[in-house]
Amino acid sequence: MKLTEQQYITLATVLEAADGLELTDKLAFAGATAYAYKDEYNDRLIIFTYKGADWLADLQSLLSGQSSMPEEASRFVLKNKGEGNCQVTGYSMGGALALYAASVNEGVGGVVFDAPGIANLLTTEQSGKVQVKNIVAYNSLVSALGKHNEEIVFARSGIEGTDFLIPDSLWQRYTFDSQGNVITGEKGNAYAMLSRINTLTEDHTPVFDAVMSGFGDTVGLTERASDHLGYVIFTLIDQLDVGKVRGALTEIAHKYERMVDEKFSVWRTEMNNIPESFLFDDIHAKFEQLSEAAMLEAAEVAEEFNEITQAVLSILLICSPIGDQLMDHIEEWLDKLTDAIMECMEKLSNQMTGHLDKVVETYMNQMFKFPELKLDFEF
């Protein structure tokens, strides 16, 4: 069965377009539905759709490997792929199910649209056999989630001037040439930024966890926000208001302050462990070494805080219905966040200098024993 990419998107979203094919099987499971068709040559086409009641929860379950849907999809393809050519297709969550099912079943290809990555659900052997193309629309946020190993093609949007727009209509998301092949375009700023944030979920750095929990708290997420990136981003877009974003930035500043306090505690412990045999010059040299390292770490953490925070805010500016209202406040809030971070770094510097005085005083007291003058003269 040979289909153009334009025919694939039509079939993935308008089931009535499959009128020329024979429906051989159908299965509904957990908000998804699978349809198996065959043509006159006994070639097979399997379409996956998704219309679940809680797509955010189902998306998170899918990406975390806790959903039963991928295995249901795989079994359906195994049952219906036939002996000849078999292709799969689907859009968004349906595309992810199609992508997974084709990856774990030999000899299955196809084209999906705006599918999140499912490579983390595959074995190394399965990852090397993916024969499905994922066509991604401009600024498609769902597609920026998950881990990808399939071929990705970015489609040119069907409307002009889309730097800060996501087309409302599915049919505006892609343009095709006269042969029905997608015309390639750019990924979009929102996709690029969310994709960048998504890669950080694999490392779970303390900074990433802190920033995402700052945003996650504003949408009532009680679990670790960095494990639920899609939920946090899409809920923020859906429920966004100016007060929640301001509250998130305040909480993020507090989290940075707590991390800097932890760095001072580590620094203080190291300074307190300086050997008693050290001379004054040795103490000052050690102070310079440890303090420079602590300030450098604090600066690197601050840079990472700012980078991730600005990326999330940029996505919200582009994708939220009230992005224009947010624009009126965002520069002021980012300046306040930067000021708060700089105050924390200045506090760290002052704390270290103050503690050095205490270390030197302690050192002097160990040298001189006179009770009041702390001197020990012998005649």
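The figures follow:
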item	result
Residues within the stretch 202-227 that are free of Cβ contacts under 8 Å to residues at least 24 places away in the same chain and part of a helix (DSSP H, G or I), tallied	3
Residues of the stretch 13-29 that turn out to be of a type in the set (A, V, I, L, M, F, W, C) and modelled with pLDDT of 90 or more, as a count	5
Qualifying residue in the stretch 192-201 (condition: part of a loop (DSSP other than H, G, I, E, B) and either surrounded by fewer than 17 Cβ atoms within 10 Å (Cβ to Cβ) or at pLDDT 90 or above (or both))	no
Matching residues, the stretch 325-362, being open to solvent by 30 Å² or more (accessible area, probe 1.4 Å), more than 26 Å from the chain's Cα centre (by Cα) and at pLDDT below 80	Asp357, Lys358, Val360, Glu361, Thr362
Condition check for Ala248: touching a helix residue (DSSP H, G or I) at 6+ places or on another chain (Cβ under 7 Å), within 23 Å of Ser349 (Cα to Cα) and of a type in the set (A, V, I, L, M, F, W, C)	no
Residue selected from the stretch 237-266 under the condition open to solvent by 90 Å² or more (accessible area, probe 1.4 Å) and among the acidic types (Asp, Glu), by the criterion nearest to the chain's Cα centre (by Cα)	Asp238
Total residues in the stretch 267-298, condition of a type outside the set (S, T, N, Q), surrounded by fewer than 12 Cβ atoms within 10 Å (Cβ to Cβ) and touching a residue at least 12 places away in the same chain (Cβ under 8 Å)	2
Qualifying residue in the stretch 169-178 (condition: among the aromatic types (Phe, Trp, Tyr), open to solvent by 60 Å² or more (accessible area, probe 1.4 Å), farther than 23 Å from Ala119 by Cβ and not in a strand (DSSP E or B))	yes
Residues (closer than 22 Å to Ser265 by Cβ, touching a residue at least 60 places away in the same chain (Cβ under 8 Å) and not hydrophobic (A, V, I, L, M, F, W, C)) located in the stretch 299-311	Glu304
Which numbered condition Trp267 misses (of (1) in contact with a Leu (Cβ under 6 Å, 6 or more places away or on another chain); (2) closer than 21 Å to Thr201 by Cα)	(2)
First in the stretch 131-149 and over 8 Å from Tyr191 (Cα atoms) and part of a loop (DSSP other than H, G, I, E, B), second anywhere and of a type in the set (Ser, Thr, Tyr) and open to solvent by less than 20 Å² (accessible area, probe 1.4 Å), Cβ under 9 Å, 6 or more apart	Gln131/Ser103; Ala137/Ser143; Ala137/Ser157; Ala137/Tyr174; Ala137/Tyr191; Asn149/Ser103
Count of the stretch 147-180 residues which are at pLDDT 90 or above, among the acidic types (Asp, Glu) and out of contact with any helix residue (DSSP H, G or I) (no Cβ under 7 Å at 6 or more places or on another chain)	2
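The values are calculated or read from the model by the stated rules, or taken from the named source; none is laboratory data. Only a predicted model underlies this, so the values are computations on that prediction, with no experimental measurement involved. Every residue, glycine among them, receives a Cβ derived from its backbone with ideal geometry; neighbour counts consider all protein chains shown. What goes into the accessible areas is simple: the full protein's heavy atoms, side chains included, and nothing from ligands, DNA or RNA. Shrake-Rupley method; radii C 1.70, N 1.55, O 1.52, S 1.80 Å.
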